[in-house]
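The values are calculated or read from the model by the stated rules, or taken from the named source; none is laboratory data. From a predicted model like this one, the values you see are computed outputs, not experimental measurements. So basically every Cβ, Gly included, is an ideal-geometry build from the backbone, and we count neighbours across all protein chains shown.
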Amino acid sequence: MKLKDLGLSSSDIKEKVSKYMIETYERMDFVCETAKDQYLYDESGEKYLDFYAGIAVNSAGSCNDKVVEAVIDQVKDVMHTFNYPYTIPQALLAEKVCTAIGMDKIFFQNSGTEANEAMIKMARKYGIEKYGPNKYHIVTAKNGFHGRTFGAMSATGQPGNGCQVGFGPMTYGFSYAPYNDLKAFKDACTENTIGIMIEPVQGEGGVHPATQEFMTGLREFCDEKGILLLIDEVQTGWCRTGKIMSYMHYGIKPDIVSMAKALGGGMPIGAICATEEVAKAFSAGSHGTTFGGHPVSCAAALAEVDELLGRNLADNAAKMGDYFKDKLSKLPHVKEVRGQGLLVGVEFDDNVAGVEVKHECINRHLLITAIGAHTIRMVPPLIISKEDCDEAFEIIKASVEAVA
Ligand SMILES: Cc1ncc(COP(=O)(O)O)c(C=O)c1O
């Protein structure tokens, strides 16, 4: 849709949103009318360099030609039919994902939080059926983020903080331990524990990668105790960190992994992959979804995965991530540059508020996000070049100088 064709202005759009929508988002002050690759455009053709990619979604670029083509083709063939008849894109995507990441089985959902609900449900059902009714407890990381539905929100280790505030009691059965603290995780497990659930890089929590010791230690501990290792790759998955899945950096495998965001190339999709044994916990009627595995989303995901793997965008994410992080470490007032591939965080000293840097960057047409008091986060499309990193660096530098 184009404003000109509708006889509307950007102010009309903002007014309608303000009047009719329940607003929970801090909006950037422009209407995104079109998007292509690493750029968003407003109605007058003003260009914005997009280093948040729909929050780590448009990894092969916005409106990627192959993804768009796949969506249009599939829309004409079958748009929706529920999960009773077999559908072609779903079967092909199931094979492609399981093969690419070396897991046995997949279950499709619509989003990251739903994928995590499925992961929690599957772990509990596996535990309860195998060991008895008390085997439901899951340990997750403090300062983590797993989504905004009740199970995923309860798994989010920010008790009384962040997304949990004002929503009353959380779902019973979760404990939280400090991230990267292996001993604390072991101590938090009880005889009722069936799962340890973590992000390999805490994204929303400020871009904190897991240490090798933590990840291998958790895998060994889980194997020893019969606990499932549940890895949330909603933000890190599908090449963002320089490997298809972030857990691949650590030479370990999860029992269940959740994914969403980049998988659909801009169409909504989520999924969990599990080992054959754990996947048996779900059988006819035990879990379901109307839209999960939607043919159009699956067709988009097939094209997106082909683009990500075929163009080796994991490799570009690794190279550009190193290049960008190196540059960012030369910014004024930097305390720490963290990340994995193109999931990048910059923490500034007390003189620089992350949110102010973000606003200055947006005013200069670089789109980024801020986390906490002093950190900015960037999750650009994985197609970016050194020139894009250089341009982003200059804008961030000018923004830091303006706010410090
Ligand atoms: C690690 C992680 N898990 C889960 C979610 C929730 O995903 P969604 O917003 O698709 O529900 C997010 C979203 O940012 C995330 O970063």
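Observations
- First in the stretch 139-157 and over 15 Å from L230 (Cα atoms), second anywhere and assigned to a strand (DSSP E or B) and within 9 Å of the ligand (Cβ to nearest atom), Cβ under 9 Å, 6 or more apart: N143/Q202
- Members of the stretch 353-365 found to be in contact with a helix residue (DSSP H, G or I) (Cβ under 6 Å, 6 or more places away or on another chain) and surrounded by fewer than 24 Cβ atoms within 10 Å (Cβ to Cβ), listed by number: E356, E360, R364
- Residue that is surrounded by the fewest Cβ atoms within 10 Å (Cβ to Cβ) [pool: residues in the stretch 106-121 that are aliphatic (A, V, I, L, M) and within 16 Å of the ligand (Cβ to nearest atom)]: A118
- Inside the stretch 231-247, residues that are part of a helix (DSSP H, G or I), more than 13 Å from the chain's Cα centre (by Cα) and in contact (Cβ under 8 Å) with a residue 60 or more places away in the chain make up a count of 0.
Residue by residue, here is whether (1) aliphatic (A, V, I, L, M); (2) in contact with a Leu (Cβ under 7 Å, 6 or more places away or on another chain); (3) not in a loop (DSSP other than H, G, I, E, B) holds:
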site: K14; (1), (2), (3): no, no, yes
site: T24; (1), (2), (3): no, no, no
site: R27; (1), (2), (3): no, no, no
site: E43; (1), (2), (3): no, yes, no
site: D73; (1), (2), (3): no, no, yes
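- Neighbours by Cβ (under 7 Å, 6+ apart or cross-chain): first from the stretch 171-185, more than 17 Å from E199 (Cβ to Cβ); second in a helix (DSSP H, G or I) and not hydroxyl-bearing (S, T, Y): T171/F150; T171/G151
- Residues of the stretch 122-158 that turn out to be among the basic types (K, R) and under 21 Å from the mean Cα position of the chain (by Cα), as a count: 2
- The residue list P169, P200, P178, P209 contains one member that is under 21 Å from I371 (Cβ atoms) and either more than 16 Å from the ligand (Cβ to nearest atom) or at pLDDT below 95 (or both), which is P178.
- If the condition is being in contact with a helix residue (DSSP H, G or I) (Cβ under 6 Å, 6 or more places away or on another chain) and either assigned to a helix (DSSP H, G or I) or more than 16 Å from the ligand (Cβ to nearest atom) (or both), then the stretch 52-63 contributes A56, A60.
- For the stretch 261-283, taking the residues that are aliphatic (A, V, I, L, M) and part of a strand (DSSP E or B), the one that is farthest from the ligand (Cβ to nearest atom) is identified as A274.
- Test: residue in the stretch 182-194 that is closer than 24 Å to A271 by Cα, more than 12 Å from the ligand (Cβ to nearest atom) and surrounded by fewer than 19 Cβ atoms within 10 Å (Cβ to Cβ): no
Okay, residues lined up against (1) surrounded by 21 or more Cβ atoms within 10 Å (Cβ to Cβ); (2) within 14 Å of the ligand (Cβ to nearest atom); (3) at pLDDT 95 or above; (4) not assigned by TED's automatic domain parsing to the domain that holds I231:
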site	(1), (2), (3), (4)
S246	yes, yes, yes, no
I256	yes, yes, yes, no
G321	yes, no, yes, yes
K327	no, no, yes, yes
K330	no, no, yes, yes
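- Enumeration of residues in the stretch 353-404 that are of a type outside the set (G, A, S) and either at pLDDT below 95 or assigned to a strand (DSSP E or B) (or both): L366, L367, T369, I371, T375, I376, R377, M378
- Test for M103: is it buried (at least 21 other Cβ atoms within 10 Å of the Cβ), closer than 22 Å to T290 by Cα and of a type outside the set (V, I, T): no
- Among the residues of the stretch 370-400, the one identified as surrounded by fewer than 21 Cβ atoms within 10 Å (Cβ to Cβ) and hydroxyl-bearing (S, T, Y) is S385.
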